[in-house]
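The values are calculated or read from the model by the stated rules, or taken from the named source; none is laboratory data. Values in this document were obtained by computation on a predicted structure and should not be read as measured data. Glycine gets a Cβ as well: all are built from the backbone with ideal geometry, and neighbour counts include every protein chain shown.
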Amino acid sequence: MLPPGFAEVFVLLTGLAVGSFLNVCIHRLPLKQSVVHPGSRCPSCGYELRWYDNLPVLSYVFLRGRCRSCRKGISLQYPVIEVITAVMFLAHWYAFGPTALLAARLLFGCALIVLFMIDLEHQILPDVITLPGIVIGLALSFALPPGPVMSLLGVLLGGGLLWAIAELWYRLRHVEAMGFGDVKMLAMVGAWLGVKMVVMTFVLSSMMGGLVGVVLIASRRADMATRVPFGTMLAVAALIASLYGGPLLAWYLSRF
């Protein structure tokens, strides 16, 4: 019999460790570098981190946010991503418990975190995540929800919906409304969550994107021509749909 809280602590610690790896993915994937080799290094001086330099959150605190070798500052992004990943792990534990679906949705959540940060920093959504994500989501659907039919429909609707909007906007305004990476990302969401949650993801992300755009324009940090990275909105909306999509949809339908 495990002591009370043991599972939650284990999940949090696992999330912190995985978050450390996600930081490597976020840094290296846009540079088209391997996420496995070489080991973690200081981006400023190339100092190879020892195991005690690579403890999630703790190393950042003990080193006071600076490289042990060159003493240059380390981005706050690193501990923040580790903490966010740990919280994401715990939220999924509470939502799905010790099931196979938990493992699948955690993998999906990790992909969303990486896509969020890369799109935020570089305005790209790497194919190395979205395309295998579509395939893996479809494959897992044969054993897990939403099932292969709903998963395939989710891919077709997710990718087709954004492609149609982008194509229509371009024909009307001769301006690209979004990149094709957004199309592939929503198709990936459809593969993992199914057609119903694709619709929810699209609606939520559109609402968030509109709200962020209004705030930026009102604060004079952007104008009507400024492009908000839509992949970041898709990532947040898809994570909400993954965790709470069922209850949210039930609540919405109960209003009618």
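For region 1-13, a residue qualifies if it is more than 9 Å from T85 (Cα to Cα) and either surrounded by 13 or more Cβ atoms within 10 Å (Cβ to Cβ) or within 14 Å of the chain's Cα centre (by Cα) (or both), and the qualifying residues are A7, E8, F10, V11, L13. When restricted to residues that are β-branched (V, I, T) and crowded, with 16+ Cβ neighbours inside 10 Å, region 18-74 contains 5. Here region 43-87 is the region considered, the condition is being of a type in the set (S, T, N, Q) and under 26 Å from G109 (Cα atoms), and the residue that is nearest to the chain's Cα centre (by Cα) is T85.
Scanning region 28-39 for residues that are in a loop (DSSP other than H, G, I, E, B) and within 23 Å of D127 (Cα to Cα) yields K32, Q33, S34, V35, V36, H37, P38. Set side by side, the residues G179, G158, G190 differ, and just one is at pLDDT below 95, buried (at least 24 other Cβ atoms within 10 Å of the Cβ) and not hydrophobic (A, V, I, L, M, F, W, C), which is G158.
For region 121-138, taking the residues that are surrounded by fewer than 14 Cβ atoms within 10 Å (Cβ to Cβ) and hydrophobic (A, V, I, L, M, F, W, C), the one that is nearest to P247 (Cα to Cα) is identified as V135.
Yes/no matrix, rows are residues, columns are (1) touching a residue at least 40 places away in the same chain (Cβ under 8 Å); (2) among the basic types (K, R); (3) assigned by TED's automatic domain parsing to the domain that holds T14:
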site: R68; (1), (2), (3): no, yes, yes
site: Q77; (1), (2), (3): yes, no, yes
site: E82; (1), (2), (3): yes, no, yes
site: Y94; (1), (2), (3): no, no, yes
site: D119; (1), (2), (3): yes, no, no
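Considered as a group, the residues in region 80-105 that are closer than 16 Å to A241 by Cβ and in contact with a Ser or Thr (Cβ under 9 Å, 6 or more places away or on another chain) include one that is surrounded by the fewest Cβ atoms within 10 Å (Cβ to Cβ), and that residue is A95.
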